[in-house]
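Take a look at the structure set out below.
We did not get these values from a lab; they are worked out from the coordinates using the rules stated. As the structure is a computational prediction, the values presented were derived from the model and not from experiment. Every residue, glycine as well, gets a Cβ built from its backbone with ideal geometry; the counts of neighbours run over all protein chains shown.
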Amino acid sequence: MPTKRIPLPYSPKVLEYFRNPKNLGPLEDASVVAMAGSPACGDMIAIYLKVNDESEIIEKATFESYGCAANIAAASVMTEMITGKTLKEAWNLTWKDLSDALGGLPSIKFHCGILAVGALRRAIREYYRKKGKNPDWLPEDLTKEEKMALEEEELVKRLQKRYERMLKRGE
Ligand code: FES
């Protein structure tokens with residue numbers, strides 16, 4: 001008997017952003033770009049930011065995503081929410097803010113929003129690293145979102161190695 005896929009309970013807003021994503025694609029004049037996730041499993045996101053160096057305001061933000069509908073929607077709404085904000089304000093955005101803006105994400109899809117915020121925070125860190133600056137509000141330690149993005153990347157690497165070993169053994 002053919003198996004039926006159970007549709008996920010996506011909110012109308014998630015579906016709307018998935019079908020008509022805003023700010024999709026690379027940004028030619030980006031000040032900084034950062035990625036999170038793993039190309040191996042497809043859950044990967046890139047965030048591009050164009051920052052005004054004097055005001056530290058994000059003038060433009062775009063994304064590329066190879067993740068699921070929730071990831072595309074989360075990244076898309078995030079680029080809208082951070083445009084016109086300072087880097088500090090953007091840093092304080094959480095994956096829950098994204099979820100709220102989308103009318104809620106299904107719990108199995110929380111990590112898709114976390115990945116988007118993880119990529120944004122990497123981009124902000126990278127921006128300051130390139131400028132040789134270290135603002136006092138930027139924590140030295142990785143935040144929960146950044147750690148979770150890292151854990152996911154390491155998990156995929158471990159699984160990939162395991163599969164490669166299984167393949168070699170002909171399992
Ligand atoms: Fe992994 Fe959505 S990005 S399931």
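Points worth noting:
- Helix content alone sets the calculated 222 nm mean residue ellipticity of the chain: runs of n ≥ 4 DSSP H residues at -39500 (n - 2.57) each, divided across all residues, give -15500 deg cm²/dmol.
- Taking the fewest neighbouring Cβ atoms within 10 Å as the starting point, the ordered list for ARG169, ARG125 is ARG169, ARG125.
- Between the beta carbons of GLU28 and GLU80, assuming R0 = 22 Å, the FRET efficiency works out to 0.65 to the nearest 0.05.
- Within-9-Å neighbourhood charge of TYR127 [Cβ basis; K, R +1; D, E -1]: +3
- Within a Gaussian network of the chain (alpha carbon springs, distance under 10 Å), most fluctuating of ARG158, ARG122, ARG19: ARG158
- Just checking the listed ones, THR143, THR83, THR62: in the Gaussian network model of the chain with Cα springs under 10 Å, the one fluctuating most is THR143.
- FRET E, pair ASP53, GLU140, Förster distance 22 Å, beta-carbon r, rounded to 0.05: 0.45
- When PHE63, PHE110, PHE18 are arranged by Cβ crowding within 10 Å, least crowded first, meaning fewest neighbours, the order is PHE110, PHE18, PHE63.
- The ranking of VAL33, VAL51, VAL14, VAL117 from fewest to most other beta carbons within 10 Å of each one's beta carbon is VAL33, VAL51, VAL14, VAL117.
- Database remark: amide H of LYS60 closer than 5 angstrom to the amide H of LYS50 (H placed geometrically; neighbours at sequence offset of 5 or more, or on other chains; Pro and chain starts carry no H).
- Prolate/oblate/rounded label for the chain (Cα gyration tensor, a/c 1.5): oblate
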